[in-house]
Amino acid sequence: MNKALLAPILLAAAAAYAQAPATPSAPPAPRLDTRLSTTPSRIVAVDRIVAVVNDEVITQNDLTERVALVAAQLRKGGAQLPAADALQRQILERMINDMVQVQMAKESGLRVDDATLDRTIQRIASENNLSMSDFRAALERDSVNYTRFRDDIRSEILLARLREREIENTLVVTDAEVETEVAREAKEKSGDSEYRLSHVLVMVPAQASPEQIEQRRRRALLALSELRRGTNFAQVAAQFSDAPDALQGGNLGWRASGRLPSLFLDAIEKLQPGDISDIVRSPNGFHIVKLLEKRGKAAAGGIQQSKVRHILVRSKEGLSDTEARERLQRLRERVATGTDFGELAKLHSDDSSAAKGGDLGWVAPGDTVPEFERAMNALQANEVSQPIQTPFGWHLIQVQERRSDELSEDRKKLAARQAIRARKGDEAYADWLRQARDRAFVENRLDER
């Protein structure tokens, strides 16, 4: 099975920073099994509660299942596993945080109906060029229980909606902030303005006492000491970091400077690739940042635009996803035998672009939904995609030309606004989640024996 399918989803139990977080479903009530020995009165508990979150619990079996799943995916990705106890603690913390959010979402009336869930899973399967039966078989080969998988995806959608309501819809980006960001980007145009980073976060509770703050600071110092001694950064992140990406080595990927908090920019300003910062204090806790690479915007080139056209078959009553996909597959075969794509679009597309032969004009990054953009970017000139599904329906896509062009002033402002929103969203979400966790009743019993 394509690792691109499972890694983001199954590892989402341990990582959801800067994106809508994936979470396990609320676990069932604690299970207590009994086993009769030669002494009839003897009862042996084979499961136990490892955490209480408000009025729900996480059991040892729940945790063991999740640890096995995440460990298997980390091995597939070539990642080095942390110590078993550190891995258990990291995953349990994420399960607790996820359960807190799921409870909040449900209490506020958010729901994900089966139709929405089915469409999402169908879209995941189609992105991997798999039918639903093949998709389920692939999950089984990877020892992934399909019912648990559905629950996980339902929770992902639920929490994405929760974050949108609680965070995204409350963000305000002013015109003055945009102008400042555009000016800063212009100033840095020839300099290093994109960074690939890893980090460790030792989180401090919202209402922490001085003693708690000092205890967390000492933990950050211990992590920094390990790093200074040459211990692998990913191992230190897995053991010490409270960030959702800890099990991925704290990897933040490439971030434009506009996407980074100013305290991070200050910390890495004088670092060379491979260097590690001193401890950085933020409202959320203590950070350690490692600069992996840096590059200038000029190195990345201008913005790539694609001249693209498509045929859309909308989902509707009486037309199943399988029928829509097969219809487009037949049209694709006709294009391959010489039929003009534009003529087929005029006859068969449900989009308003049909009259123009499906022509969408020149499309830049961010102009279309992610599923469409990923498929479009994978095509060579004049190549026709396989049928792909988006929230609008099923598409055939053809890229006619590509070009690289400088951003217009309007696009520069739009990109700046998006970068500011993303940065504010990351910071607001981290603070919101920390406060939500502090308000919840959480009892961690993992170390109890």
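Observations on the model:
- The set of residues in the stretch 211-257 that are within 30 Å of VAL182 (Cα to Cα) and either touching a helix residue (DSSP H, G or I) at 6+ places or on another chain (Cβ under 7 Å) or part of a helix (DSSP H, G or I) (or both) comprises GLY250, ALA256, SER257.
- Residue within the stretch 167-189 that is without any contact (Cβ under 8 Å) to a residue 60 or more places away in the chain, within 25 Å of ASP113 (Cα to Cα) and not aromatic (Phe, Trp, Tyr) present: yes
- Some residue of the stretch 67-76 being surrounded by fewer than 18 Cβ atoms within 10 Å (Cβ to Cβ), touching a residue at least 60 places away in the same chain (Cβ under 8 Å) and closer than 30 Å to PHE372 by Cβ: yes
- Residue count for the stretch 243-288 under the criterion of being among the acidic types (Asp, Glu) and either within 20 Å of the chain's Cα centre (by Cα) or within 22 Å of ALA71 (Cβ to Cβ) (or both): the result is 1.
- Just one of the listed residues (GLN103, GLN80) is loosely packed, with under 14 Cβ neighbours inside 10 Å and in contact (Cβ under 8 Å) with a residue 12 or more places away in the chain, and it is GLN80.
- Residue match in the stretch 137-154 (condition: more than 20 Å from the chain's Cα centre (by Cα), of a type in the set (Lys, Arg) and either surrounded by fewer than 19 Cβ atoms within 10 Å (Cβ to Cβ) or not assigned by TED's automatic domain parsing to the domain that holds GLN386 (or both)): yes
- Selection over the stretch 311-356 of residues that are under 15 Å from GLU383 (Cβ atoms), surrounded by fewer than 16 Cβ atoms within 10 Å (Cβ to Cβ) and in contact (Cβ under 8 Å) with a residue 12 or more places away in the chain gives a count of 1.
- When the stretch 37-58 is filtered for residues that are more than 20 Å from ARG437 (Cβ to Cβ) and either within 21 Å of the chain's Cα centre (by Cα) or modelled with pLDDT of 80 or more (or both), the ones remaining, listed by number, are ASP47, ARG48.
- Taken together, the residues in the stretch 228-242 that are within 29 Å of the chain's Cα centre (by Cα) and over 16 Å from GLN80 (Cα atoms) amount to 1.
- With respect to the conditions (1) crowded, with 18+ Cβ neighbours inside 10 Å; (2) touching a Gly at 6+ places or on another chain (Cβ under 7 Å); (3) modelled with pLDDT of 90 or more, ALA419 falls short on a single one, namely (3).
- For beta carbons closer than 9 Å, sequence separation of 6+ or different chains, a first residue in the stretch 254-277 that is surrounded by 16 or more Cβ atoms within 10 Å (Cβ to Cβ) and a second that is of a type in the set (Ser, Thr, Tyr) and not in a strand (DSSP E or B), the qualifying pairs are PHE264/SER277; ALA267/SER277; ILE268/SER277; LEU271/SER277.
- Any hit, the stretch 106-121, residues being crowded, with 19+ Cβ neighbours inside 10 Å and not basic (Lys, Arg): no
- Of all residues making up the stretch 324-367, the number that are more than 15 Å from LEU396 (Cβ to Cβ) and part of a helix (DSSP H, G or I): 3
The values are calculated or read from the model by the stated rules, or taken from the named source; none is laboratory data. As the structure is a prediction and not an experimental result, all values here were calculated from the model. As a convention, Cβ positions derive from the backbone with ideal geometry for all residues, glycine included, and neighbour counts pool all protein chains shown.
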